[in-house]
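Here is the structure we will look at, set down as structure tokens.
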Amino acid sequence: MSSAIIVGAQWGDEGKGKIVDALSEEADLVVRFAGGANAGHTLVVGGRKIVLHLVPSGILRGSCMNIIGPGCVVDPEALEKELGELEEAGIAPTPRQLALAREAHLVTPYHRAVDRAMGGKIGTTGRGIGPAYAD
């Protein structure tokens, strides 16, 4: 049994999602281990453009289990929106294809309000991710 781990060396767009997408064709499991819905990646699979923010890109393959891991910060509203967009694109993940770790951090409206009130002073995007990690 072999494993591949994709870890970025910097914050920001460095192409991790595209590499994970390419490797997920042969994967049994794709786990997102950190981050929130502040970033995202755009993938073109089968001629379809899909933008993901929280859900691991293995979801586009349908053959592997995808986990939003314990180091992630999850805004339920953002996740619901992303799942709706996936469904509109013809991708409706089942519980065998997508799981959310119990230990994942929760972004609440309070976190978003604190983030906006701070005016980006901690380098965040106003989506409550920094304050949720701080809590």
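Things to note:
- Percent antiparallel among DSSP beta bridges (both partners in the chain, rounded to 5): 35
- Region 1-104: GluC sites (Glu not before Pro) in DSSP coil with no more than 10 other Cβ atoms inside 10 Å: GLU103
- The chain - percent of accessible surface contributed by carbon and sulfur, probe 1.4 Å: 55
- Here the Gaussian network model covers the chain, with springs between Cα atoms less than 10 Å apart; of THR125, THR94, THR108, THR94 fluctuates the most.
- Percent RCO, i.e. relative contact order, over the chain, from Cα pairs under 8 Å lying at least 6 residues apart: 21
- Solvent exposure of the chain, expressed per residue, is 62 Å² of accessible area, with all protein chains present and a 1.4 angstrom probe.
- Spatially near lysine pairs across the chain, Cα under 23 Å, sequence gap of 8 or more or different chains: 5
- Space enclosed by the convex hull of the alpha-carbon atoms of the chain, per residue, Å³: 116
- Size estimate for region 21-83 follows the Kirkwood approach: the inverse of mean 1/r over distinct Cα pairs works out to 12.0 Å.
- Amide H to amide H distances under 5 Å link MET65 with LEU29, VAL30, where only residues 5 or more positions off or on other chains count and H is placed in the peptide plane.
- Theoretical ellipticity at 222 nm over the chain - DSSP helices of four or more residues, -39500 (n - 2.57) apiece, nearest 500: -8000 deg cm²/dmol
- Checking every one of the trypsin sites (Lys or Arg not before Pro) in region 65-135 against DSSP loop status and a limit of 16 other Cβ atoms within 10 Å picks out ARG96, ARG102, LYS121.
- Distance from region 1-71 to region 89-135 (C-alpha centre basis), Å: 17
- In sequence order, calculated HN-Hα J values of region 53-59 (Karplus, 6.51, -1.76, 1.60; Hz; x Gly/Pro): 10, 10, 6, x, 5, x, 4
- Direction-averaged projected area, Cα convex hull, region 73-135: 5.0 nm², rounded to one decimal.
- Under 5 Å, built H, 5+ apart or other chain: amide partners of ALA37: ASP75
- Interchain or long-range residues, amide H under 5 Å from ILE91's placed H: none
The values are calculated or read from the model by the stated rules, or taken from the named source; none is laboratory data. Remember, it's a predicted structure, so these values are computed and weren't measured experimentally. Every residue, glycine among them, receives a Cβ derived from its backbone with ideal geometry; neighbour counts consider all protein chains shown. These accessible areas exclude ligands, DNA and RNA; they are computed on the full protein's heavy atoms, side chains included. Shrake-Rupley method; radii C 1.70, N 1.55, O 1.52, S 1.80 Å.
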